[in-house]
Structures are given as structure tokens and as C-alpha cells.
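The values are calculated or read from the model by the stated rules, or taken from the named source; none is laboratory data. Just so you know, these numbers come straight off a predicted model, no measurement behind them. Ideal geometry is used to build each Cβ from the backbone, glycine not excepted, and the neighbour counts take in all protein chains shown. To get the accessible areas, we keep the full protein, side chains included, count just its heavy atoms, and leave off ligands, DNA and RNA. Shrake-Rupley method; radii C 1.70, N 1.55, O 1.52, S 1.80 Å.
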Amino acid sequence: MQLDARQQKLLKRTFLDYQQTAGFFDNPLVVSKADGLYYWDVDGKRYFDSIGGIFVATLGHKHPRLMEAMQKQMETLSFAPPMHGTSDVTLDFVEKVGSITPGNLNFVKAYSGGSESIESAMKFVRQYFKQTGHPSKYKFVSRYYGYHGATFGAMAASGTGKRKTPFEPHMPGFVKVFPPTYYRDRFATWEECNRFCARMFEDVILMEDPETIAGIIVEPIGNTGGIITPTDEYFQIIREICDKYNVVLIYDEIITGYGRTGNMFAAQTFNVTPDIICGGKGLSSGAIPMGAMIAREEMGDVFFGRVEDDVNFAHGHTYAANPLACAVGIAVIDEITENHWDQNAQVMGDYLATKLEDLKKHGVIREVRGKGLLRGVELCKDPVKQTPFPELGLALKKTALNNGLIMRIDPNWFAVAPALIVNKDQIDEMCELIERSLLDALEIVGV
Ligand SMILES: Cc1ncc(COP(=O)(O)O)c(C=O)c1O
């Protein structure tokens, strides 16, 4: 599509996220409608949404059950500030989330997005240690390439160079290690590399002094960095380290939560339960801004306290636990559990993986990674030398949109995460568009 003069003028008066507006003028996308697995732009062109907006529309866009839940809730109560009290639907949401989480992860607070959930979890952990006799535990260990949100705390936990440097200096108390993909070529096997990288957390904790470390924050599958998918053992080792040094393990499941990896949570997919799960995105399938922090119930108990001690969580957001969002969250969970969409993600995810593997025949793919319906494809100039191929990714950004396909393109890799309700024919349709766009991009870069 092309922008008209008015659109150009108005775009100069606003921002796009993490992308240059001038560059967007050459390859624009202005949408006006979405339904199921498709977007339509303002000119009426249809696009296959292979990424659920941005890992969000897990049940597709405009799911009737979610629209109905929100409409019904709107008729009775659409706002209830958590400063004054709570609402019936908020308590229903707490109960519903507790019914699908692994272990004793029953302490639930709804928020308005992923960054808010992460920010709240980190404040919760710091206060938790102050209230349990470890006031010096305040640091968080996370990973380079990780992304945990745009606010100052979540950004400090993130390891995404270019997204952070304009805002230096960052909050103190954040330490980083590298994810396994960074060292992979130095090890004979992926398993060995994962063991080394998991043990790095212990080395860092010891060097920093365990009595200063409050938490480890990791995305089970890291999006930025190219759908980094560690082994189960990686998480087992990290879990043992956390137990050994009284460190809280936080999973950022803002992308991986609510069915995406073939189970309700990636914690179940990797068989290792953290102390806190932060969610967002798929929890509302995009029907309303939403997130949630879920902690072990015993951690929540520390904040209950005695009336005379006036213990409370010194934190709040006006729109937290919003009744409309809670109603949608409940409907999302019911829809996934009743129709086993997480299992569909497993089956369709395996099918998708084989189709993406097949693209290796074009000689420009190093690796296909991921679990369930979260898959990443790393591009390379040639599969033997494995040199990165960002020019191809940049060309793919153009050709995908031309062909009516929306993907997440880095440019060293691309990711797809279609709605959990996707069927085989739709995966075929999506993969045909991917292949066509890849071939067109190869033509542009002259391969
Ligand atoms: C893994 C991860 N964590 C946190 C966030 C921040 O969530 P939000 O943009 O809803 O604040 C994102 C958003 O892309 C994310 O992908």
C-alpha cells in the first residue's frame, strides 16, 4: 500500500514502536479491520496474520466469545479501582488462573500489560525479601538479548542493546548472562552449551554475593534473539541454583503463556515450575490490554500479615484488575481449556515445524527453533559457513507485506506464531506465503 498526504502528515505527528517513521513511509501498513487470522489495510487488502498481531491474538482477532464476555461485563461494571476494593469478576479471575497454573502458583494480580506485570513482580520480590529477613537481596540476574518490557525496571532487566542505549543510565541492581545461542558454536553439542550457560547463573550469583541476589528473570523461549529455545535441563539447573541460594525464579511468559507452546504455560512444556509467572499478550487475545503476575501462594501470604502490622504491597495501577479485562481473561482461559487449543498448538506446531524445515532447501536457513505454535527461522548466507544474512531479512520485510503476510522479522531471523485455533489448511496457506516472500526476497538480494 501507499500512504496518502494526510496519512503522511499525521504519521509525522506520532510514533511507531521500535521503528523509524521515515523508513515506514517506504513500506507502510495502516490497518482498519481484523478478523480471525487476517488483517485488512485501509485499501481493503487482506494480510495473513502469522504472528497474532505481535504474539497476542491467540484465539484470532475479534473472537465472538471474548466480544460477548466483554459486552456482558460492560453492562454491569467496567471499572473498579483496586484502591477502593475489588470486584466479583476480579475474584473469579484469580480463581480461574489458579486452576490452570502448575504447582502452587495461586497468588494472582491482573494488570494492563506485560511491562506492568514484570515491573510489579520485581517490586513484589524486593519487598518480599525485605519482609522475610533478607533486606539486602535486591538484584536481578537476566539475559542479554532478553526483552521484558519498555518501562525503566523492565528495560533494566532487558538485554537488548539498541533499545536501551538512548536511555542510559539504567537502574542499578541488574546483572546479565548470555543465552545459550550466544555460545553454541563453541560446544560440541547444544546440550553441553545449555549446561554451561545455565551454570553461568551460579557463577554470577557467587561473584555478586548470593545475599544480594533477589531473582532470576528469563523468558522460557526468548523472542528477541530469535526464538531461543533452551533444553529442559537448562531450566532444571537454573531451578536448582535458585533453590540453593534462596533466589526467586521468574518466568516472563508474556509470549509463551496461555497455550502458545503446546501447554497452558511453558513452565509445563519445559517441566520446571518457577516461583512467579508474568503474563500478558495472549491472556486477552488482544481484545483488551491485559497482563497478570502469578506467584507462589506462600509468597503472597507474606503480604497478608496481621492488621496491626499494616503490611501491604506498596504498589498499584489505576487500571489493574480491570473488570472488563478480567472477564476477557476468564473467557480466554475457558475457550482454550474447553476446546484444547493448547493441544492444537502442539499438533499444528509440529506440522508447522516440518514445513519450515522444508524451506532449508533454498539454502539460506541455518536453524528452525521453537515449541508449539511459536517458531523462529534463522537466516544465513550459506548453511555451511553460517554467516548471518540481514540483507535478506530486510528484503523479506518488503516482500512479505507485498504478498499479504505479516510476520516478525528481525532481520537475522523471522518468527511466526499464528493463533492457536489455526488449522492445517491455514498453515499451508501461511507457509506458501512465507516461501513466496522468501523467494522474492532472494531475488531482491540477488541470490
Ligand atoms: C517477552 C516479553 N516480555 C515483556 C513484554 C512487554 O509487554 P508489553 O509490551 O505488554 O508491556 C513483551 C512485549 O513485547 C515481551 O515480548
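So here's what we get for this one:
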| read-out | value |
| --- | --- |
| Criterion (away from the ligand (no atom under 16 Å from the Cβ), crowded, with 17+ Cβ neighbours inside 10 Å and not hydrophobic (A, V, I, L, M, F, W, C)) met by exactly one of Lys139, Lys130 | Lys139 |
| Number of the condition not met by Gln268 [criteria: (1) within 24 Å of Arg195 (Cα to Cα); (2) crowded, with 24+ Cβ neighbours inside 10 Å] | (2) |
| One residue from Phe201, Phe235, Phe196 being surrounded by fewer than 22 Cβ atoms within 10 Å (Cβ to Cβ) and either away from the ligand (no atom under 16 Å from the Cβ) or within 30 Å of Met407 (Cβ to Cβ) (or both) | Phe196 |
| Among (1) open to solvent by less than 10 Å² (accessible area, probe 1.4 Å); (2) not in a loop (DSSP other than H, G, I, E, B), the one test that Tyr258 misses | (2) |
| Gly53 vs. criteria in a helix (DSSP H, G or I), modelled with pLDDT under 95 and in the same structural domain as Ile406 (by TED's automatic domain parsing) | no |
| Criterion violated by Ile228 - all others in (1) surrounded by fewer than 23 Cβ atoms within 10 Å (Cβ to Cβ); (2) β-branched (Val, Ile, Thr); (3) modelled with pLDDT of 95 or more; (4) touching a Ser or Thr at 6+ places or on another chain (Cβ under 8 Å) satisfied | (1) |
| Boolean, Ala188 is in the same structural domain as Gly262 (by TED's automatic domain parsing) and touching a Phe, Trp or Tyr at 6+ places or on another chain (Cβ under 6 Å) | no |
| All positions within region 115-141 that are farther than 18 Å from Ile277 by Cβ and in contact with a Gly (Cβ under 7 Å, 6 or more places away or on another chain) | Tyr138, Lys139 |
| Asp41 vs. criteria modelled with pLDDT of 95 or more and either open to solvent by less than 20 Å² (accessible area, probe 1.4 Å) or within 16 Å of the ligand (Cβ to nearest atom) (or both) | yes |
| Any hit, region 85-96, residues being assigned by TED's automatic domain parsing to the domain that holds Phe201, surrounded by fewer than 15 Cβ atoms within 10 Å (Cβ to Cβ) and aliphatic (A, V, I, L, M) | yes |
| Number of the condition not met by Lys176 [criteria: (1) under 30 Å from Tyr351 (Cβ atoms); (2) open to solvent by 10 Å² or more (accessible area, probe 1.4 Å); (3) in contact (Cβ under 8 Å) with a residue 24 or more places away in the chain] | (1) |
| Strands (runs of 3 or more DSSP E) wholly inside region 355-447 that include at least 2 residues being farther than 19 Å from Val56 by Cα | 365-371, 374-379 |
| Condition met for Asn246 (under 16 Å from the mean Cα position of the chain (by Cα) and either within 11 Å of the ligand (Cβ to nearest atom) or open to solvent by 10 Å² or more (accessible area, probe 1.4 Å) (or both)) | no |
| Matching residues in region 277-294 - criterion: being buried (at least 24 other Cβ atoms within 10 Å of the Cβ) and either more than 13 Å from the ligand (Cβ to nearest atom) or part of a loop (DSSP other than H, G, I, E, B) (or both) | Gly280, Ser284, Ser285, Gly286, Ala287, Met290, Ile294 |
| Residue list for region 56-77, filter: polar (S, T, N, Q) and either within 16 Å of the ligand (Cβ to nearest atom) or not assigned by TED's automatic domain parsing to the domain that holds Asn223 (or both) | Thr58 |
| Within region 128-241, helices (runs of 4 or more DSSP H) holding 3 or more residues that are closer than 27 Å to Tyr111 by Cβ and within 24 Å of the chain's Cα centre (by Cα) | 152-157, 161-164 |
| First in region 47-73 and surrounded by fewer than 19 Cβ atoms within 10 Å (Cβ to Cβ), second anywhere and part of a strand (DSSP E or B), Cβ under 6 Å, 6 or more apart | Lys62/Asp35 |
| Test: residue in region 264-285 that is on the phi > 0 side of the Ramachandran plot and without any contact (Cβ under 8 Å) to a residue 60 or more places away in the chain | yes |
| Counted residues, region 106-123 - those being more than 16 Å from the ligand (Cβ to nearest atom) and buried (at least 24 other Cβ atoms within 10 Å of the Cβ) | 1 |
| Tally of residues being assigned to a helix (DSSP H, G or I), under 15 Å from Leu283 (Cα atoms) and open to solvent by less than 50 Å² (accessible area, probe 1.4 Å) across region 308-354 | 15 |
| Strands (runs of 3 or more DSSP E) enclosed by region 2-50 - at least 2 residues per element that are under 20 Å from Leu396 (Cα atoms) and charged (D, E, K, R) | 46-49 |
| Test: residue in region 142-150 that is within 21 Å of Ile205 (Cβ to Cβ), out of contact with any Gly (no Cβ under 6 Å at 6 or more places or on another chain) and surrounded by 15 or more Cβ atoms within 10 Å (Cβ to Cβ) | yes |
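Residues checked against (1) charged (D, E, K, R); (2) under 30 Å from Pro388 (Cα atoms):
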residue: Arg126; (1), (2): yes, no
residue: Tyr138; (1), (2): no, no
residue: Val141; (1), (2): no, yes
residue: Tyr144; (1), (2): no, yes
residue: Arg186; (1), (2): yes, yes
